[in-house]
């Protein structure tokens, strides 16, 4: 990622407990981990993708160099994203295929 990108939801709590809705982030994702996922993610167009454990994530730039993100179904990872994540060492082909077979993240559809 480009230096200076900041994970900053600016009060955008849609994906956070307890009042959020849609694809809620796990409670283990704090601002420090969100920043780490942004820093180690791969950019496809104007979106940053990454994976952590059982979850795939997508982050949008809502202002210059300011992002907010949320979990997505693994099946929604564009091929350019999962291939770039494999090349970056963030994902293995085996783990990607297992996540797809297991329908991980289907609850976020």
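Does residue 99 satisfy the condition of being over 17 Å from residue 48 (Cα atoms) and under 15 Å from the mean Cα position of the chain (by Cα)?
Criteria met by residue 99.
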Self-check item: Failed item, numbered, when residue 86 is tested on (1) crowded, with 21+ Cβ neighbours inside 10 Å; (2) free of Cβ contacts under 8 Å to residues at least 40 places away in the same chain; (3) not in a strand (DSSP E or B)
Solution: (1)
Self-check item: Lone qualifier among 58, 66 - being in contact with a strand residue (DSSP E or B) (Cβ under 8 Å, 6 or more places away or on another chain), surrounded by 13 or more Cβ atoms within 10 Å (Cβ to Cβ) and without any contact (Cβ under 8 Å) to a residue 24 or more places away in the chain
Solution: 58
Practice problem: Considering only the range 69-83, state which residues are touching a strand residue (DSSP E or B) at 6+ places or on another chain (Cβ under 7 Å) and loosely packed, with under 15 Cβ neighbours inside 10 Å. | Solution: 78, 80
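Every read-out reported here was derived from the displayed coordinates using simple, explicitly stated rules and does not represent laboratory data. All values derive from a computational prediction rather than experimental measurement. Counting neighbours? That spans all protein chains shown, and the Cβs are built from the backbone with ideal geometry, glycine included.
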